[in-house]
Amino acid sequence: MTTALSDAPTRPAGQLSLLAQAGYGVGQIAGQVFRDVPSLLLLFFMTNVLGIEPALAGAAIFVPKLVWGVGCDMAVGVLSDRWKQRFARRRWLLVGAVGAPIALILLFHVPALSVTGRVAYVAIAFSLYMMVFACFSVPYLAIAGELSSDPHQRTVLMAWRLVFTAAGVLVGGALSPYIVQSLGGGQPAYEGMSRVLAVICPVALVLAFFGSGRAARQAAVAPAPAHVRLSLGQALAVLAAPRFSVLLAANLMQLAGSGMAYASMLYFLTYNMARADAFQLIGGLVIIACAGIVVAQPMWVALARRVGKKPIYILSAAGYGLSYLAWSMSADAGTVAAYAFSFVAAVFNSGWTLLGFSLMTDIAGEDQAHAGLYSAAWIAVDKIGFALGGTLLVGLVLSGFGFDAARAVAGLPQTARALTGVMLAFGVVPAVLNITSAALFWRFGRD
């Protein structure tokens with residue numbers, strides 16, 4: 001019998017080895033970097049370095065995610081289903097490895113243009129970024145449903161994915177701000193940071209290509225059925241089945257909330273907590289959060305097996321929202337309290353993320369003919385939710401409460417009303433979204 005993060009001395013047929021599980025999971029480093037760096041840094045870069053008004057900057061990020069992100073996700077999902085007999089899903093990881101450096105470097109190398117020109121450049125560069133992200137993120141998730149027919153084994157596999165999520169969060173949320181701060185904080189600093197990431201992400205994807213191949217050779221599952229071409233209406237009918245659509249809707253709300261909290265964290269630390277060392281502090285908070293993610297995985301795996309996936313999913317979603325609500329109202333509590341809030345929030349975050357992925361891969365594993373379609377919809381909602389919360393909603397809330405980009409560029413403080421907007425974006429609205437998602441899945445979701 002296996003534990004969450006280790007192998008038994010004798011592995012049953014079809015049971016994935018420790019190396020195979022880790023080999024698959026390492027690809028999440030690239031996925032997490034691609035997901036987190038724009039969410040954490042791009043809006044702040046556009047407002048505080050490029051001097052673009054928050055609502056306009058948020059729209060410039062959200063629209064490409066909505067149009068190119070979703071469109072490319074669905075296209076790659078359908079193609080990875082259609083071509084899987086002659087172009088294995090793991091080969092898409094190599095496509096991502098080639099495109100990732102180009103997309104990362106272009107995103108922060110913004111030329112000296114007018115405000116309109118800079119906004120247009122970021123929107124175009126981010127559209128390319130979304131295309132590259134889709135090429136590897138959708139097939140990568142679909143692979144998980146093909147590696148085991150055992151629901152618990154899939155949960156273990158997703159736990160490994162979350163372990164490497166922590167590594168990706170360290171790179172995107174701690175290393176990246178550190179590089180920006182150490183290089184002086186201006187645009188050249190962001191450009192230098194992007195060049196470092198342009199090395200890390202391809203390496204992770206190439207390792208995952210070989211690791212997922214090893215896992216596929218060990219997996220004792222029946223060959224996936226041939227792809228059946230679906231009309232748009234048939235595809236929508238597959239996705240609209242209550243078992244999947246309710247889970248997807250709950251996940252959308254959770255991601256919108258977590259995206260808001262993540263994108264507004266630098267604003268909260270800089271203005272509400274009045275920390276001149278916000279970029280340094282956020283690195284420590286991310287390290288603590290990563291520790292919470294890693295140590296929580298065996299606990300969530302054990303609880304899901306004993307109690308069931310649905311109640312643990314609901315518990316962790318509600319706990320995550322309440323953690324950020326308490327944090328947003330404790331700006332004066334100090335550094336130690338911030339570390340504690342970061343740890344607790346990360347533990348709950350890793351719970352609903354793990355169980356959401358596990359429930360999705362259960363559905364995809366039982367219907368492998370449409371695994372790419374399910375994965376495409378899941379990744380698309382991940383991008384929409386994180387972008388909706390982390391760019392559009394944060395930008396609208398900050399602009400609505402009078403956040404002044406010109407004062408931010410000049411290093412001047414914001415008004416009390418603007419600080420209220422930051423608090424709402426950081427904790428109050430995310431709490432409402434996560435608690436609502438927990439209630440939705442409690443009422444309509446299926447284990």
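Does Tyr339 fit the bill of being within 30 Å of Met46 (Cβ to Cβ), of a type in the set (Phe, Trp, Tyr) and buried (at least 21 other Cβ atoms within 10 Å of the Cβ)? It is false that Tyr339 is within 30 Å of Met46 (Cβ to Cβ), of a type in the set (Phe, Trp, Tyr) and buried (at least 21 other Cβ atoms within 10 Å of the Cβ).
Can you report the number of residues in the stretch 40-99 which are farther than 30 Å from Phe426 by Cβ and of a type in the set (S, T, N, Q)? So the count comes out to 2. Looking only at residues of the stretch 107-138 that are crowded, with 18+ Cβ neighbours inside 10 Å and of a type in the set (Val, Ile, Thr), we find that the one that is modelled with the lowest pLDDT is Val138. Of the residues in the stretch 60-67, none is surrounded by fewer than 20 Cβ atoms within 10 Å (Cβ to Cβ) and not hydrophobic (A, V, I, L, M, F, W, C). Residues that are more than 23 Å from His152 (Cβ to Cβ), among the charged types (D, E, K, R) and modelled with pLDDT under 85 number at least 1 in the following helices (runs of 4 or more DSSP H) confined to the stretch 354-447: 371-387. Looking only at the stretch 107-123, residues that are closer than 22 Å to Ala134 by Cβ and over 21 Å from the mean Cα position of the chain (by Cα) come to 3 in all.
Residues satisfying the criterion are absent from the stretch 173-182 (criterion: closer than 24 Å to Phe136 by Cα, within 15 Å of the chain's Cα centre (by Cα) and at pLDDT 90 or above). Of the residues Ile312, Ile287, the single one that is closer than 15 Å to Gly356 by Cβ and not in a loop (DSSP other than H, G, I, E, B) is Ile312.
Among the residues making up the stretch 176-200, those that are of a type outside the set (Gly, Ala, Ser) and free of Cβ contacts under 8 Å to residues at least 60 places away in the same chain are Ile179, Leu183, Pro188, Val196.
Within the stretch 318-338, the residues that satisfy the criterion of being more than 18 Å from Thr420 (Cβ to Cβ), in a helix (DSSP H, G or I) and more than 21 Å from the chain's Cα centre (by Cα) are Thr335, Val336, Ala337, Ala338. Is there a residue being surrounded by fewer than 23 Cβ atoms within 10 Å (Cβ to Cβ), out of contact with any helix residue (DSSP H, G or I) (no Cβ under 8 Å at 6 or more places or on another chain) and among the hydrophobic types (A, V, I, L, M, F, W, C) anywhere in the stretch 308-327? There is no residue in the stretch 308-327 that is surrounded by fewer than 23 Cβ atoms within 10 Å (Cβ to Cβ), out of contact with any helix residue (DSSP H, G or I) (no Cβ under 8 Å at 6 or more places or on another chain) and among the hydrophobic types (A, V, I, L, M, F, W, C).
For the stretch 41-92, the set of residues classified as among the β-branched types (Val, Ile, Thr) and either assigned to a helix (DSSP H, G or I) or over 15 Å from Leu107 (Cα atoms) (or both) consists of Thr47, Ile52, Ile61, Val63, Val67, Val70, Val76, Val78, listed by residue number. When the stretch 275-294 is filtered for residues that are aliphatic (A, V, I, L, M) and without any contact (Cβ under 8 Å) to a residue 40 or more places away in the chain, the ones remaining, listed by number, are Ala276, Ala278.
Give Leu141, Leu104 a once-over and let me know the one that is modelled with pLDDT of 90 or more, touching a helix residue (DSSP H, G or I) at 6+ places or on another chain (Cβ under 7 Å) and not polar (S, T, N, Q). Unique residue meeting the criteria: Leu104. Counting the residues of the stretch 341-354 that are over 17 Å from Gly259 (Cβ atoms) and free of Cβ contacts under 8 Å to residues at least 60 places away in the same chain gives 5.
Does Thr420 satisfy the criteria of being farther than 30 Å from Thr361 by Cα and hydroxyl-bearing (Ser, Thr, Tyr)? Answer is yes for this residue. Pairing residues of the stretch 298-320 that are within 12 Å of Ala439 (Cα to Cα) with residues that are outside any helix (DSSP H, G or I), at Cβ distances under 7 Å and at least 6 apart in sequence or on separate chains, gives Lys310/Gly445; Lys310/Asp447.
Would you check if Asp382 is of a type in the set (D, E, K, R) and within 18 Å of the chain's Cα centre (by Cα)?
Values: of a type in the set (D, E, K, R): yes; within 18 Å of the chain's Cα centre (by Cα): yes.
It is true that Asp382 is of a type in the set (D, E, K, R) and within 18 Å of the chain's Cα centre (by Cα).
Listed by position, the helices (runs of 4 or more DSSP H) inside the stretch 185-272 whose residues that are modelled with pLDDT of 80 or more and surrounded by 22 or more Cβ atoms within 10 Å (Cβ to Cβ) number at least 3 are 187-218, 242-263.
The values are calculated or read from the model by the stated rules, or taken from the named source; none is laboratory data. Computed from a predicted structure; not experimentally measured. Methodologically, a virtual Cβ is constructed for each residue, glycine included, from the backbone with ideal geometry; neighbour enumeration extends over all protein chains shown.
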